[in-house]
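Structure below; questions to follow.
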Amino acid sequence: MLAGANEDIVRVSAFTSQLQAHMPPIDSVDATCKTTSGVSGIAQLSFGTTFKGGGISVACEHGVVTVVGKDVTIEKNGVEETKTFPKQTNGVKEEVLAWGKAILAGKPDARQTPEQALKDLRALEAMFKSGEQDGLPLATGN
């Protein structure tokens, strides 16, 4: 969903590793991803790293959006602006709240449909399988 409404990850090449002994078989993924329109990007996920930083950055044609903790920085056409969202958490509370609202409304949140979850699962599964095959590029089936 970070890539856009009509973009799905359709191909990946990944390396996986286990950094922590208590998290077998893998706890980290470094993947290059290709989208429906042919745009490529990088997904790095690790639950085993000792690195304390982290965040999400999306680079676009006219700027970059970076989310680190409660700060969102938007750089557009050379102008940078940062906004802090003090009530924002790691997203789990917001996700559960959106799910509850969808139940009450009787209509699923578009970000939480089974179809969207399946696309995410297919992309992750392809990353894991690619990692097992030393980075072999694989289709996600999305």
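Which of the residues spanning the range 123-142 are free of Cβ contacts under 8 Å to residues at least 40 places away in the same chain and touching a Gly at 6+ places or on another chain (Cβ under 9 Å)?
Result: Glu125, single match.
Of these, Leu124, Leu118, Leu136, which one is modelled with pLDDT of 90 or more, assigned to a loop (DSSP other than H, G, I, E, B) and within 18 Å of Cys33 (Cβ to Cβ)? I'd like the intermediate steps shown before the answer.
Details: Leu124 fails: assigned to a loop (DSSP other than H, G, I, E, B); Leu118 fails: assigned to a loop (DSSP other than H, G, I, E, B).
Of the residues listed, the single one that is modelled with pLDDT of 90 or more, assigned to a loop (DSSP other than H, G, I, E, B) and within 18 Å of Cys33 (Cβ to Cβ) is Leu136.
While we're here: Taking the range 22-40 as the search range and keeping residues that are in contact with a Lys or Arg (Cβ under 8 Å, 6 or more places away or on another chain) and not charged (D, E, K, R), which one is nearest to Met127 (Cα to Cα)?
First, the residues of the range 22-40 that are in contact with a Lys or Arg (Cβ under 8 Å, 6 or more places away or on another chain): 33-34, 40.
Of the ones still in play, those that are also not charged (D, E, K, R) are 33, 40.
On the way: Cys33: 9, Ser40: 14 Å.
Across the range 22-40, the extreme among qualifying residues is Cys33.
Among the residues of the range 75-91, is there at least one that is modelled with pLDDT of 85 or more, closer than 20 Å to Ala43 by Cβ and surrounded by 10 or more Cβ atoms within 10 Å (Cβ to Cβ)?
No, the range 75-91 has no match at all.
Thr32 is checked against (1) assigned to a strand (DSSP E or B); (2) surrounded by fewer than 16 Cβ atoms within 10 Å (Cβ to Cβ) and fails just one. What number does that condition carry?
Only one criterion in (1) assigned to a strand (DSSP E or B); (2) surrounded by fewer than 16 Cβ atoms within 10 Å (Cβ to Cβ) is unmet by Thr32, namely (2).
Scan the range 83-105 and tell me whether some residue there is touching a Leu at 6+ places or on another chain (Cβ under 8 Å) and closer than 26 Å to Ala14 by Cβ. I'd like the intermediate steps shown before the answer.
Residues of the range 83-105 that are touching a Leu at 6+ places or on another chain (Cβ under 8 Å), as a first pass: none.
Scanning the range 83-105, I find no residue that is touching a Leu at 6+ places or on another chain (Cβ under 8 Å) and closer than 26 Å to Ala14 by Cβ, so the answer is no.
Spot the failing condition for Ala5; the list is (1) out of contact with any strand residue (DSSP E or B) (no Cβ under 6 Å at 6 or more places or on another chain); (2) surrounded by 11 or more Cβ atoms within 10 Å (Cβ to Cβ); (3) among the small types (Gly, Ala, Ser); (4) more than 19 Å from Pro137 (Cβ to Cβ), and only one is missed.
Every listed condition holds for Ala5 apart from (2).
Residues to consider are Gly106, Gly55; find the one that is surrounded by fewer than 12 Cβ atoms within 10 Å (Cβ to Cβ), touching a strand residue (DSSP E or B) at 6+ places or on another chain (Cβ under 7 Å) and at positive phi.
Numbers: Gly106 fails: touching a strand residue (DSSP E or B) at 6+ places or on another chain (Cβ under 7 Å).
Going through Gly106, Gly55 in turn, just one is surrounded by fewer than 12 Cβ atoms within 10 Å (Cβ to Cβ), touching a strand residue (DSSP E or B) at 6+ places or on another chain (Cβ under 7 Å) and at positive phi: Gly55.
In addition: In this structure, does Gly41 turn out to be in contact (Cβ under 8 Å) with a residue 12 or more places away in the chain and exposed (fewer than 14 other Cβ atoms within 10 Å of the Cβ)?
Details: in contact (Cβ under 8 Å) with a residue 12 or more places away in the chain: yes; exposed (fewer than 14 other Cβ atoms within 10 Å of the Cβ): no.
Considered against the rule, which asks whether it is in contact (Cβ under 8 Å) with a residue 12 or more places away in the chain and exposed (fewer than 14 other Cβ atoms within 10 Å of the Cβ), Gly41 comes out as no.
Test Leu97 against the stated conditions and say whether it is more than 21 Å from the chain's Cα centre (by Cα) and not small (Gly, Ala, Ser).
no
Additional query: Test each condition in (1) among the polar types (S, T, N, Q); (2) within 17 Å of the chain's Cα centre (by Cα); (3) exposed (fewer than 14 other Cβ atoms within 10 Å of the Cβ) for Thr66 and report the one that comes out false.
Every condition holds for Thr66 apart from (3).
The values are calculated or read from the model by the stated rules, or taken from the named source; none is laboratory data. Predicted model, so just to flag it, every value in this text is computed and none were measured. Please note: Cβ atoms are built from the backbone with ideal geometry, for glycine as well, and neighbour counts cover all protein chains shown.
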